[in-house]
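*Asks:* Just dropping this structure here.
The values are calculated or read from the model by the stated rules, or taken from the named source; none is laboratory data. Here the structure is a predicted model, which means the values were calculated and not measured. Reconstructed Cβ throughout: ideal geometry from the backbone, glycine too, with neighbour counts over all protein chains shown. All accessible areas refer to the heavy atoms of the entire protein, side chains included, with ligands and DNA or RNA removed. Shrake-Rupley method; radii C 1.70, N 1.55, O 1.52, S 1.80 Å.
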Amino acid sequence: MKVLKFGGTSVGSVENMQNVKNIINDGEKKVVVLSAMSGTTNHLVAIAQNIADKKTDEALDSINNLHETYFQTVDKLLFNETLNKDVKAYVSDVFNFLIACTYKEFSKVLENSILAQGELLSTYMFNSYLKQEGVKSALLPALNFMRINAENEPDMESIKAGFKAVLNEAEPSDIYITQGFICLDVNDDISNLQRGGSDYTATIIGAAIKAEEVQIWTDIDGMHNNDPRYVDNTKPISNLSFEEAAELAYFGAKILHPQTVTPVRDDNIPVRLKNTMKPEAYGTLINSDHSEVGVKAMAAKDNITAIKIKSARMLNAHGFLKKVFEVFEQYQTSIDMITTSEVAVSLTIDNDANLENIIAELEKIAHIEVDKNQSIICLVGHCIVNHPETHKLFQILQDVKIRMISYGGSNNNISLLVDTKDKINTLQKLNDYLFELVV
Ligand code: ASP
């Protein structure tokens, strides 16, 4: 069985839902994971924020507007009167729930319950649309099997057992539809797999059922070798290893949730990235194949803070780095990049929630300098560190100021830290040097 995940734009319009129907209606058994319609989760986040800020009128206005938009979509999608009425009743229940939320005390659980409505709406609507089109499908409620543990990691044993149980209870069908993103936590409260988490849902299910393949359908034809939002002449990459895909996703390639490949890597279940609007395009295949070497792709991650820790006490001393790392450990802040010299160590973090405390602790042992608004540019490819073309990337030193370089930490990754204002220029120039092969 395959698992196919369709993102927000794929279910964001009637036309795109028709594309999805055509893609999935091929007689093969599959699980279809859906995101919320594009824009919905952002609206729900804003509604939850209004409730938190006690801006009840604004929350109610947004709820009413969104309700109206959903009714319009239902009218465009469902001409079958019975189904149209049934889905509108479901949609109204959801919006009545949201209205009731505006009178409740704000909490994380309330927020998560609000955010979950987007996927509940899209799956209910799409399942009804398939019914109208004579395509047999069954809805599998994700909240009956998708679970995270106390560390917010998927609870695989419970998911495997739960998925089997819901599958047994469901009407036999070729197409099983379920919600991405949403899950229950250890307290049985509604939670989620973080923004963009529907990709992760798909690979978690893929691992739970040992799927033959997981497909992530979006609105772009695969992972590109550079960020198409900022750089011209980017190209889709036909093959990536699990490691390369994980690095790119972690370091900012927006097409994939950072955890996507984790559940399927050990079982070597391939992940294919496809374009709903252009199903014939090859896309990107992610598997354990390492046959291509050299720089394949780059991605950039913003909102990075660089911390320089300078101390004469580092000279010939052991145990200094241990003390530094203990501070980050104490404040549960992970470090992304690190470079050292005799008297200083520079490192980066992407979570600055505890920055003030961290600095206060570090100042007890060293002089500290902090630079905010930095971006990590991550270059990825098999054996790039030894590849004869890789030196070309250092031509970038003539174009922009590089704050840090991490080379040799692994054979497959080279990271550069630049000021965010230099990011686009750096990506474009690296693209020219490495992919357009400017000499
Ligand atoms: N709807 C959620 C989001 O917008 C999850 C997803 O689309 O993957 O983040």
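*Asks:* Among H391, H367, H318, which is the only one that is over 25 Å from the mean Cα position of the chain (by Cα), open to solvent by 50 Å² or more (accessible area, probe 1.4 Å) and within 30 Å of N287 (Cβ to Cβ)?
*Replies:* It is H391.
*Asks:* I need the full set of residues from region 177-193 which are among the acidic types (D, E) and either within 15 Å of the ligand (Cβ to nearest atom) or touching a residue at least 40 places away in the same chain (Cβ under 8 Å) (or both), in order please.
*Replies:* Within region 177-193, just D189 meets the criteria.
*Asks:* Follow-up. Consider L83 against the criteria (1) in a helix (DSSP H, G or I); (2) farther than 18 Å from A138 by Cα; (3) more than 16 Å from the ligand (Cβ to nearest atom): it satisfies all of them except one. Which criterion is unmet?
*Replies:* (2)
*Asks:* Taking only pairs six or more apart or across chains, which ones have beta-carbon atoms under 6 Å, a first residue in region 95-111 that is closer than 16 Å to T41 by Cβ and in contact (Cβ under 8 Å) with a residue 40 or more places away in the chain, and a second residue that is among the β-branched types (V, I, T) and in a helix (DSSP H, G or I)?
*Replies:* As it stands, the answer is L98/I63; C101/I114, since those pairs meet every condition given.
*Asks:* Restricting to region 1-46, name every residue that is over 21 Å from V135 (Cα atoms) and either more than 16 Å from the chain's Cα centre (by Cα) or part of a helix (DSSP H, G or I) (or both).
*Replies:* Scanning region 1-46 gives T40, T41, N42, H43, L44, V45, A46.
*Asks:* Quick one: in region 8-42, which of the residues that are touching a Ser or Thr at 6+ places or on another chain (Cβ under 7 Å) and hydroxyl-bearing (S, T, Y) is nearest to the ligand (Cβ to nearest atom)?
*Replies:* Selected residue: S35.
*Asks:* Answer yes or no: is there a residue in region 329-349 that is in contact with a helix residue (DSSP H, G or I) (Cβ under 6 Å, 6 or more places away or on another chain), assigned to a loop (DSSP other than H, G, I, E, B), open to solvent by less than 50 Å² (accessible area, probe 1.4 Å) and not hydrophobic (A, V, I, L, M, F, W, C).
*Replies:* yes
*Asks:* Let me ask something additional. Conditions: (1) within 16 Å of the ligand (Cβ to nearest atom); (2) touching a helix residue (DSSP H, G or I) at 6+ places or on another chain (Cβ under 7 Å); (3) more than 26 Å from N303 (Cβ to Cβ). Q259 meets all but one. Number of the miss?
*Replies:* For Q259, the failing item is (3).
*Asks:* Another question, if that's okay. Only one of R313, R272 is open to solvent by 60 Å² or more (accessible area, probe 1.4 Å) and not in a loop (DSSP other than H, G, I, E, B). Can you tell me which?
*Replies:* Matching residue, one of R313, R272: R313.
*Asks:* Could you please find all residues in region 417-439 being in contact with a Lys or Arg (Cβ under 8 Å, 6 or more places away or on another chain) and surrounded by 15 or more Cβ atoms within 10 Å (Cβ to Cβ)?
*Replies:* Matches in region 417-439: L417, V418, D419, D422, Y433, L434, F435.
Results for (1) more than 15 Å from the ligand (Cβ to nearest atom); (2) hydrophobic (A, V, I, L, M, F, W, C); (3) open to solvent by less than 10 Å² (accessible area, probe 1.4 Å); (4) touching a residue at least 24 places away in the same chain (Cβ under 8 Å), shown as yes or no for each residue.
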| site | (1), (2), (3), (4) |
| --- | --- |
| R195 | no, no, no, yes |
| D199 | no, no, yes, yes |
| A207 | yes, yes, yes, yes |
| D227 | yes, no, no, yes |
| V231 | yes, yes, yes, yes |
| P236 | yes, no, no, yes |
| N239 | yes, no, no, yes |
| A253 | no, yes, no, yes |
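*Asks:* Return the total of residues in region 108-157 being of a type in the set (S, T, N, Q) and away from the ligand (no atom under 16 Å from the Cβ).
*Replies:* Final tally of qualifying residues: 6.
*Asks:* Sticking with this one: Can you tell me how many residues in region 89-142 are open to solvent by 30 Å² or more (accessible area, probe 1.4 Å), in a helix (DSSP H, G or I) and hydrophobic (A, V, I, L, M, F, W, C)?
*Replies:* Count: 6.
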